Amino acid sequence: MHDLPSDTPAPSLFTWEFATDPYPAYAWLREHAPVHRTRLPSGVDAWLVTRYADARRALADPRLSKNPVHHAEQPHAKGKTGIPGERRAELMTHLLNIDPPDHTRLRRLVSQAFTPRRVAEFAPRVQELTDGLIDAFAAKGEADLIHDFAFPLPIYAICDLLGVPREDQDDFRDWAGMMIRHGGGPRGGVARSVKRMRGYLAELIHRKRDDPGDDLISGLIRASDDGEHLTENEAAAMAFILLFAGFETTVNLVGNGVYALLRHPEQRRRLQRSLAAGETELLATGIEELLRYDGPVELATWRYATEPVELGGQRVAVGDPVLVVLAAADRDPERFADPDRLDLSRSDNKHLGYGHGIHYCLGAPLARLEGQTALATLLTRLPDLRLAVDPSDLRWRGGLIMRGLRTLPVQFTAVR
Ligand code: HEM
């Protein structure tokens, strides 16, 4: 990786080269235009915030609203999502699109059901799912780790946690596949998949109300705050956002994480030695470092100024969208020593990969559990895991918010 010279003009963003390796462009922006107004591929103008200190401040600033009604250009209202109006309004009312006091109330309710304890108790099932997926391709000696592993793992995990019966989970795999394959592409199939998934969840919630179980959906229905409960619509929107927020992120945590380890053999050997010795510490710091180094969420979700905001010497006007570039902030040399180096034992590592402030990732404990289980099991069961193609042949998805590989072809000799 090489830095762009400082006398070059502003780098072009959102190109194919940028999708492959955005870090040199981010280094240039941090240095020369840390709060930078740019035109996005959708034609919408937005501010990109790339320094760590500014990013942290912006993520916690109550004047930067998450509610799209504050967007001056209102592209959401113009139907660019391709999802019909009424359904869209319903889908858009979720944690990531609302401000206090509504956000505070909904987050408190969901936190009662989605507890760290529920996640900890789920560990054996995540291990079982991980082993089952590896069993299915281990004998072949080759696999596409995105399609065969990183993609199905979080879908089955979240479905199980929510209480979606096993026999219905492959439908979710298909719907989610449609959503991830066509992200940014033809919209009809995506809208249809979203509709089916949303319809299924509404029906499931209805059923669980009469016949509750020990699952997260039943927990969402039970949760109450001063006698107030989630409505069925709110519970369905919540279940949907848990699936949506916890799916592609985890696919990319595993994909980007394995890829980074394959590109850094000395770090990977270090982790394998530590796992073989039964240690867990390097695995725990290692997952955090992989999130910092090449995390799944390149940009935090949209924010809109409700008052003029001074940020990094720029004046952000009312209605302007602000995009906090987590991937750039997490490589800021003002905050991280030697930021372009992958160091699995990095301890001073308050990265922004899970965001910051009131919208901090609700699913972080589950993501950590899945990430740690996936990486530890892959490296232990497929110890000689290697790329099956030249790195230059790999393609990145190139969406705006997420960063992840389309495929990750590998070869290996399985043990056990
Ligand atoms: C919020 C990252 C996995 C559920 C967020 C945010 C980030 C993030 C950066 C804040 C976005 C913002 O402020 O604009 C990640 C990463 C993950 C991951 C890197 C995996 C490695 C999950 C999982 C779930 C989940 C597994 C649930 C099953 C959520 C929810 C929010 C959120 C519900 C919204 C919280 C709120 O607005 O109060 N996540 N996430 N995430 N995440 Fe995650």
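When GLN411 is tested against (1) buried (at least 17 other Cβ atoms within 10 Å of the Cβ); (2) farther than 30 Å from VAL119 by Cα; (3) touching a Leu at 6+ places or on another chain (Cβ under 9 Å), exactly one condition is not met: (1). For region 358-367, a residue qualifies if it is part of a helix (DSSP H, G or I) and of a type in the set (Gly, Ala, Ser), and the qualifying residues are ALA364, ALA367.
Here GLN272 passes the criteria (1) more than 26 Å from ARG39 (Cα to Cα); (2) in contact with a Pro (Cβ under 7 Å, 6 or more places away or on another chain); (3) free of Cβ contacts under 8 Å to residues at least 24 places away in the same chain except the one numbered (3).
The rows are residues; the columns are (1) outside any loop (DSSP other than H, G, I, E, B); (2) modelled with pLDDT of 95 or more; (3) of a type in the set (Val, Ile, Thr); (4) within 16 Å of the ligand (Cβ to nearest atom).
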site	(1), (2), (3), (4)
ALA328	yes, yes, no, yes
ARG335	no, yes, no, no
ASP340	no, yes, no, no
ASN349	no, yes, no, yes
GLY355	no, yes, no, yes
LEU369	yes, yes, no, yes
ALA374	yes, yes, no, yes
LEU379	yes, yes, no, no
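Scanning region 374-397 for residues being surrounded by 22 or more Cβ atoms within 10 Å (Cβ to Cβ), under 30 Å from TYR52 (Cα atoms) and not small (Gly, Ala, Ser) gives a total of 1.
The set of residues in region 381-413 that are within 17 Å of PRO296 (Cα to Cα), away from the ligand (no atom under 16 Å from the Cβ) and either small (Gly, Ala, Ser) or under 13 Å from the mean Cα position of the chain (by Cα) (or both) contains only GLY398. Is there a residue being out of contact with any helix residue (DSSP H, G or I) (no Cβ under 6 Å at 6 or more places or on another chain) and at pLDDT 95 or above anywhere in region 65-78? Yes, that holds for at least one residue. I want to confirm something. Restricting to region 260-280 and keeping residues that are under 24 Å from the mean Cα position of the chain (by Cα) and not in a helix (DSSP H, G or I), which single residue is farthest from ASP384 (Cα to Cα)? Looking at the filtered set, the residue picked out is THR280. Checking each residue of region 137-147 against the condition of being at pLDDT 95 or above and in contact with a Phe, Trp or Tyr (Cβ under 7 Å, 6 or more places away or on another chain) gives at least one match. Scanning region 135-158 for residues that are touching a residue at least 60 places away in the same chain (Cβ under 8 Å) and within 27 Å of ILE205 (Cβ to Cβ) returns PHE151, LEU153, PRO154, ILE155, ALA157, ILE158. As a summary of the residue check, TYR304 satisfies the conditions (1) in contact with a His (Cβ under 8 Å, 6 or more places away or on another chain); (2) part of a helix (DSSP H, G or I); (3) at pLDDT 95 or above; (4) aromatic (Phe, Trp, Tyr) except for the one numbered (2).
Taking the criterion of being surrounded by 13 or more Cβ atoms within 10 Å (Cβ to Cβ) and within 16 Å of the ligand (Cβ to nearest atom), would at least one residue in region 261-275 satisfy it? Yes - at least one qualifying residue is present in region 261-275. Summed over region 227-245, the residues that are β-branched (Val, Ile, Thr) and assigned to a helix (DSSP H, G or I) give a count of 1. If the condition is being surrounded by 17 or more Cβ atoms within 10 Å (Cβ to Cβ) and outside any loop (DSSP other than H, G, I, E, B), then region 9-22 contributes only PHE18. For region 224-260, a tally of residues being in contact with a strand residue (DSSP E or B) (Cβ under 9 Å, 6 or more places away or on another chain) and away from the ligand (no atom under 14 Å from the Cβ) returns 1.
Applying the condition of being β-branched (Val, Ile, Thr) and part of a helix (DSSP H, G or I) to region 142-184 and asking which residue is nearest to GLY363 (Cα to Cα) yields ILE158. Applying a threshold of 6 Å to beta carbon distances and a minimum spacing of six or more residues, or different chains, the list of pairs starting in region 231-247 at a residue that is hydrophobic (A, V, I, L, M, F, W, C) and ending at one that is more than 8 Å from the ligand (Cβ to nearest atom) and not in a helix (DSSP H, G or I) reads ALA237/THR93. In region 297-318, the residues that are among the basic types (Lys, Arg) form Cβ pairs under 7 Å with partners that are part of a loop (DSSP other than H, G, I, E, B), at six or more places apart or across chains, as follows: ARG303/LYS66; ARG315/PRO308.
The values are calculated or read from the model by the stated rules, or taken from the named source; none is laboratory data. As the structure is a computational prediction, the values presented were derived from the model and not from experiment. Every residue, glycine among them, receives a Cβ derived from its backbone with ideal geometry; neighbour counts consider all protein chains shown.
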